[in-house]
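Please read the structure below before turning to the comments.
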Amino acid sequence: MSQSLFTSDSSSARTPQSIDMPSVPPVPPPPPRRGTPRERSPWAGADQSAEDRAAEDQAAEDRAASPLPGPLPGPPQSADMIDSDEETLGAEPPHGLSANKIPADKPPTQRGDVAAAGNGPSIPPPPPPRATLPPTRPITEVSQPRSGIGSAVTRWRGSLPEVTTAEDGNADADAAIAAADQDAPADDVTRSAPSWLLSLVIHLIVLLILALITSPTGNGFTNLVLDFGISNEPIEDALELDLSSPQTDDLIEAPEDALDDTLLETEIPEIFETVEPAEMEAIQPVLLGAEPIEISKPMFSGRTGAMRKALMAMYGGTDETANAVKLGLAWLKRQQHRSGYWSMLKPYSNGAVSENRPAATAMALIAFAGDGNTHLEGMYRAEVDKGLKYLVSQQDRGGYMAASARGNERTYAQAQATIALCELYGMTKDSWLRAYAQRAVDYALKAQASDGGWRYRPNEPGDTSVTGWYVMALQSALGAGLEVNPGNMSRIGQYLDSASVYYGAGYAYQPGRSDATPTMTAEGLLCRQYLGWERNDGRLQDGLNLLRTDAPFDINRQNVYYWYYATQAFHHVGGPLWTEWNNEMKVKLPALQIKDGNERGSWAPQGDRWSIGGRLYTTCLSIYCLEVYYRHLPLYDQN
């Protein structure tokens, strides 16, 4: 096998020579030398002199004539000498060689080395090497947000010095980390306090401000400025206070007259004036009832306290009437169901002919409220509270509470329940109760008929019996401060005019009828009093005199419904008419009360004109009569 090599003569012409090498493998071309781009360029020898080029050609012929296989003689070539595009351009040549001049004994070997001139065929030169590498983007450290708790500084590989030996220990590692932290700018790292510490500081500041505002010391402060921020200067710990007493070696001598035990006499001004004791004969006793007392509104303010005692003495109440009320309320307490309501049928004997829980509950609540008990205070506070909650639970959005009653009894139950709510609200001003009471009043106003009265169904032409209960309900609402349309009140007078007889002295059950009854007359006159009739009105005086003559208080003709209205009408007028009525009522009515047995404290319904109402009905109306002294304040001045 033969290998063709190129030799060069002095004329720069290269001719091939044949060398027989039967067993020697071909010698690979030597790797190119490192150097500048000019040294590796085919045009590197263009500027050389003829002597230099001749020396290079002679060296090439000597290497070609050598019969030894393997690498060419010379220093060993390292891997760094391999030509690569990734090598940095312009690097300094090894072994101290100049980039501009190469010695003749070590000519550069170029890939495809040809002479610039010759007779042979022209070989195109290779493309010049890339002058520069592609630009590289510098790596910048991205500052990560710090949480303030357990955060670390992000560092790239190589930013910390490598730990070469294990014997260096933690000292070298700590020193390296400290050096890296010093290189990082201080402005990039802001250490924040934990959230619990910030909350503690804020709460302490708020407490301090409140203490300054509320205390007398804080009255002198007008502005308080708090400045928050990060201080660049060290601040001494303000908590380190020197509380020790100052030490001094100098003794302070007090003057001789500094301490004086001499007692001095001085006059102390009198802060209390001398009060001369009053003579016993100068104090005159005041007899209750002998002179009129000033009565304050509202209409429920006389049910407790000193006002109640004064009214009892003024209008003829006795211990017997008070004890009868006490026994009656105790009986009502025993009849209450555990759910809070009362029944017209049980658990007592001689109940009504039909059930009406809203009416029974309302009548019991009116009796308790008349004696000064509410859901907030009083001896029977718990019973009133349970009964009131039952009553409001029966109310719908329109204010109606008698849906569980039957037939014509519903309208009575609704009116009585409205009275109970309005009185309890008027006595307590409990905001929780106001909405229920106002809805009940609104229902009453909407249910009023065009003739000004009320009856069994809304807007049905009225009768005097039902109208009287709704008049008392609206008067209770006015006394409690609830909203009542004055136009509705004026229409009530129109109805009473249509139902009156004897020029307004008597009243029938319905308009157009001429048969006036004592019960309807007493009810009509009471409505006239609340609607504004004066005390000396002739129609009012004629009607009351008619009742005193034709329907006096008589236990042989029991009519508790009539007694209830007549007692109130006589009480408001006062004078001889009330005294005559009360002298009979305060003695005979307590005598009818049952004093022993299971029904102790109640009034039996047998023999009463309205016995169909049952025992609870007669008991409640009898209690109302005996509470009349303080239940409602009198409408007229007793002078």
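Exactly one of (1) open to solvent by less than 60 Å² (accessible area, probe 1.4 Å); (2) in contact (Cβ under 8 Å) with a residue 40 or more places away in the chain; (3) closer than 24 Å to Asp319 by Cα; (4) in a helix (DSSP H, G or I) is unmet by Leu577. Its number?
Status for Leu577: all satisfied but (2).
Only one of these conditions is not met by Thr374: (1) open to solvent by less than 60 Å² (accessible area, probe 1.4 Å); (2) assigned to a helix (DSSP H, G or I). Which number is it?
(2)
So if I check each of Gln438, Gln494, which one is closer than 15 Å to Tyr530 by Cα and either assigned to a loop (DSSP other than H, G, I, E, B) or not aliphatic (A, V, I, L, M) (or both)?
Values: Gln438 fails: closer than 15 Å to Tyr530 by Cα.
Result of the check over Gln438, Gln494: Gln494.
Among Gly378, Gly370, Gly399, Gly387, which is the only one that is out of contact with any strand residue (DSSP E or B) (no Cβ under 9 Å at 6 or more places or on another chain) and either more than 27 Å from Leu626 (Cβ to Cβ) or of a type in the set (Phe, Trp, Tyr) (or both)? Before you say what the answer is, go through the steps one by one.
Details: Gly378 fails: either more than 27 Å from Leu626 (Cβ to Cβ) or of a type in the set (Phe, Trp, Tyr) (or both); Gly370 fails: either more than 27 Å from Leu626 (Cβ to Cβ) or of a type in the set (Phe, Trp, Tyr) (or both); Gly387 fails: either more than 27 Å from Leu626 (Cβ to Cβ) or of a type in the set (Phe, Trp, Tyr) (or both).
So the residue among Gly378, Gly370, Gly399, Gly387 that is out of contact with any strand residue (DSSP E or B) (no Cβ under 9 Å at 6 or more places or on another chain) and either more than 27 Å from Leu626 (Cβ to Cβ) or of a type in the set (Phe, Trp, Tyr) (or both) is Gly399.
Go through segment 441-466 residue by residue and tally those that are in contact with a Gly (Cβ under 6 Å, 6 or more places away or on another chain), closer than 13 Å to Thr418 by Cα and open to solvent by less than 10 Å² (accessible area, probe 1.4 Å).
0
Take segment 591-601 and flag every residue that is under 14 Å from Gln558 (Cβ atoms) and in contact (Cβ under 8 Å) with a residue 40 or more places away in the chain.
Gln593
Considering only segment 310-362, how many residues are of a type in the set (Phe, Trp, Tyr) and out of contact with any Asp or Glu (no Cβ under 9 Å at 6 or more places or on another chain)? Reasoning before the result, please.
Within segment 310-362, the first condition is being of a type in the set (Phe, Trp, Tyr), and the residues that meet it are 315, 331, 341-342, 348.
If we keep only those that are out of contact with any Asp or Glu (no Cβ under 9 Å at 6 or more places or on another chain) as well, we get 315, 341-342.
Total meeting the criteria: 3.
Here is a check on your reading of the model: is Arg410 open to solvent by 50 Å² or more (accessible area, probe 1.4 Å) and more than 17 Å from Ala359 (Cβ to Cβ)?
Working: open to solvent by 50 Å² or more (accessible area, probe 1.4 Å): yes; more than 17 Å from Ala359 (Cβ to Cβ): no.
Judged against the criteria, Arg410 is not a match.
If you scan segment 514-571, which residues turn out to be surrounded by 15 or more Cβ atoms within 10 Å (Cβ to Cβ), part of a helix (DSSP H, G or I) and hydroxyl-bearing (Ser, Thr, Tyr)?
Thr519, Thr521, Tyr530, Tyr561, Tyr562, Tyr564, Tyr565, Thr567
I'd like the residue in segment 316-355 that is open to solvent by less than 10 Å² (accessible area, probe 1.4 Å) and over 20 Å from Asn598 (Cα atoms) and, out of all such residues, is farthest from the chain's Cα centre (by Cα).
Thr321
Tell me which residues, restricted to segment 503-513, are surrounded by fewer than 22 Cβ atoms within 10 Å (Cβ to Cβ) and under 16 Å from Thr467 (Cβ atoms).
The answer is Gly504, Ala508, Tyr509, Gln510, Pro511, Gly512, Arg513.
The values are calculated or read from the model by the stated rules, or taken from the named source; none is laboratory data. Model, not experiment: these values are computed from the prediction. With ideal geometry, Cβ positions are generated from the backbone for all residues, glycine too; neighbour counts draw on all protein chains shown. Areas reflect the complete protein model, heavy atoms only, side chains present, ligands, DNA and RNA absent. Shrake-Rupley method; radii C 1.70, N 1.55, O 1.52, S 1.80 Å.
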